[in-house]
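Below is one structure, written out as structure tokens, with a few remarks after it.
The values are calculated or read from the model by the stated rules, or taken from the named source; none is laboratory data. Nothing here was measured: the structure is a model prediction, and the numbers come from that model. We place every Cβ from the backbone using ideal geometry, glycine too, and count neighbours over all the protein chains shown.
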Amino acid sequence: MHGLSPESAPGASPPAAVQIDNLLRAVAAANRPPSRSLPLVEGRQNFLELMSPLAAREDVAGVEERAIPGPRADIGLRLYRNAGTELRPATLFFHGGG
């Protein structure tokens, strides 16, 4: 590693745990009904409005498609590189679909 934590890197965003906590607080404060309790069209609109804070995206300098060996077949992954040079935290999403 470079000896810097993501939190100490110049211009770094707050740690992911703080960002997630802020998001969950905003969702709770919105006091909206669960989207699945609404008719389909209204539920989708409710969800989109509720998740709108996530719509802000940072510039992406590059996207790379890769594969890693899996137990039965290669597993595809997509690597996004940020446009800046500062160290940034990483987020890893696992989709357990079939």
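Checked against (1) part of a loop (DSSP other than H, G, I, E, B); (2) under 16 Å from the mean Cα position of the chain (by Cα); (3) under 19 Å from residue 14 (Cα atoms), residue 95 passes all but a single condition, namely (3).
Restricting segment 42-74 to residues that are surrounded by 12 or more Cβ atoms within 10 Å (Cβ to Cβ) and among the hydrophobic types (A, V, I, L, M, F, W, C) leaves a set whose member that is farthest from residue 16 (Cα to Cα) is 47. For segment 59-76, taking the residues that are more than 15 Å from residue 94 (Cα to Cα) and among the β-branched types (Val, Ile, Thr), the one that is modelled with the lowest pLDDT is identified as 60. Answer yes if at least one residue in segment 72-89 is assigned to a helix (DSSP H, G or I), within 19 Å of the chain's Cα centre (by Cα) and free of Cβ contacts under 8 Å to residues at least 60 places away in the same chain, and no otherwise. The answer is no; no qualifying residue exists.
Please indicate, with yes or no, whether at least one residue in segment 14-27 is part of a loop (DSSP other than H, G, I, E, B), over 23 Å from residue 96 (Cα atoms) and basic (Lys, Arg). Checking segment 14-27: not a single residue is part of a loop (DSSP other than H, G, I, E, B), over 23 Å from residue 96 (Cα atoms) and basic (Lys, Arg). Here residue 88 does not fit the description of being touching a Ser or Thr at 6+ places or on another chain (Cβ under 8 Å) and either modelled with pLDDT of 85 or more or among the hydroxyl-bearing types (Ser, Thr, Tyr) (or both).
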